[in-house]
Amino acid sequence: MDFELYKDYLKRASDQIPEGAKQSERFTIPGVKLRYEGRNSLILNFSKIIQKISRDVKHFLPIFLKNLGTMGELRGGQLFLKGQPKNDVLDRHINDYVNKYVLCKICNKPDTEIVKEDKKLVLICHACGARYSIDE
């Protein structure tokens, strides 16, 4: 088969792939949607964020609030925060959490879970089989 014919077949096949399937990244965290109420803030899409990262709120919330340096509480599917942090600060802290507690350090996939083994937290990757302890 001649090379030009091969390139033509490849281009035609590529053009038939739907746009949604061409995404190289399947794991994207929704950006924080904030509403300010006086001196406080509400993360309106908090439940979507938690659902996307597939972690227990009881694990995520204390770490997130400690890193943020504020107090907060859940109100339905929203997170009520003391103070008025900026969106990019909140997004950065969520991404830091994801990098430490969600993404596998070996294959960088989000197909992980946290289990407790002998007083240690262990991150187990279902994609590549990696297991390593994480600090809380």
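Quick notes
- If the segment from LYS11 to ASP56 were pulled out straight at 0.36 nm per residue, it would be longer than the present Cα-Cα gap by 11.8 nm.
- Nonlocal amide H pairs with CYS104, under 5 Å, H built at 1.01 Å: LYS109, ASP111
- Residues within the reach of a label modelled at THR70 (point 7 angstrom out along Cα to beta-carbon, backbone nitrogen below 18 Å), restricted to the range 77-107, are 77-97.
- Across the chain, the mean sequence separation of Cα contacts (distance under 8 Å, 6 or more residues apart), normalised by length, yields a relative contact order of 16 percent.
- For the chain, size of Cβ-based charge dipole, Lys and Arg +1, Asp and Glu -1, in debye: 560
- Here the Karplus curve 6.51 cos²θ - 1.76 cosθ + 1.60, taken at θ = phi - 60°, turns the phi angles of the range 2-16 into couplings of 7, 5, 5, 5, 4, 4, 5, 4, 5, 5, 5, 5, 5, 5, 8 Hz, with x standing for Gly and Pro.
- Fewest neighbouring Cβ atoms within 10 Å first, the residues HIS126, HIS93 line up as HIS126, HIS93.
- Net lengthening on full extension, ILE106/CYS128 (0.36 nm per residue, minus Cα-Cα): 7.1 nm
- Degrees separating the helix 57-68 axis from the principal Cα axis of the chain, which is the longest one: 80
- The chain: calculated mean residue ellipticity at 222 nm from DSSP helix runs of at least 4, using -39500 (n - 2.57): -11000 deg cm²/dmol
- The slack in the chain from ASP135 to ILE63, taken as 0.36 nm per residue of separation less the alpha-carbon distance, amounts to 24.8 nm.
Every read-out reported here was derived from the displayed coordinates using simple, explicitly stated rules and does not represent laboratory data. Values in this document were obtained by computation on a predicted structure and should not be read as measured data. So basically every Cβ, Gly included, is an ideal-geometry build from the backbone, and we count neighbours across all protein chains shown.
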